[in-house]
Amino acid sequence: MELEKLYVKIKEQLLYAKKLEDSNFKVIDLFNRIDDIKKYNRKWQGICYLPRYTLEIGADGNIYPCCIYKYNSEYIMGNIYNNSINEIIDSNVYNQVYNKLTSDKCLPCFFDEQNNIIHYLLYPKTEHDFFI
């Protein structure tokens, strides 16, 4: 689904949910965060390192690479009810999903800065650009 169409669909669903509010049910609309993402100018280019350091575990036990893809069946890396975390991380499925996570395929994300830092730590520049 095209990203613009997805934003429209999300907004429609949020407006529908807001109509259901009452004294016992409150909808917290964070749609402005989606607007922020739409305007986001991605600084990170490359593979996402975060799933190597953090994972998302759904209530159903499924493991996902991050919060953006949580509950998206295409990004299930394993299930903690069926395998240990170590078995999941060592699996082919984990690596297949992980290899999909590049900046040109992922949605804009607030982990870009962390990716920059991790990349720098893994591949430090040996030369100084502005050494005097």
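The values are calculated or read from the model by the stated rules, or taken from the named source; none is laboratory data. Since the structure is predicted, the reported quantities are computational estimates derived from the model, not experimental observations. Here Cβ is always computed from backbone atoms with ideal geometry, including for glycine, and neighbour counts include all displayed protein chains. Protein only, heavy atoms only, side chains kept; ligands, DNA and RNA dropped before computing areas. Shrake-Rupley method; radii C 1.70, N 1.55, O 1.52, S 1.80 Å.
When residues in the stretch 70-86 are screened for being part of a loop (DSSP other than H, G, I, E, B) and touching a residue at least 24 places away in the same chain (Cβ under 8 Å), 1 of them pass.
Checked against (1) at pLDDT 85 or above; (2) under 14 Å from Arg52 (Cα atoms); (3) open to solvent by less than 60 Å² (accessible area, probe 1.4 Å), Thr102 meets all criteria but (1). For the stretch 56-101, the set of residues classified as among the hydrophobic types (A, V, I, L, M, F, W, C) and closer than 16 Å to Asn115 by Cβ consists of Cys66, Cys67, Ile68, Leu101, listed by residue number.
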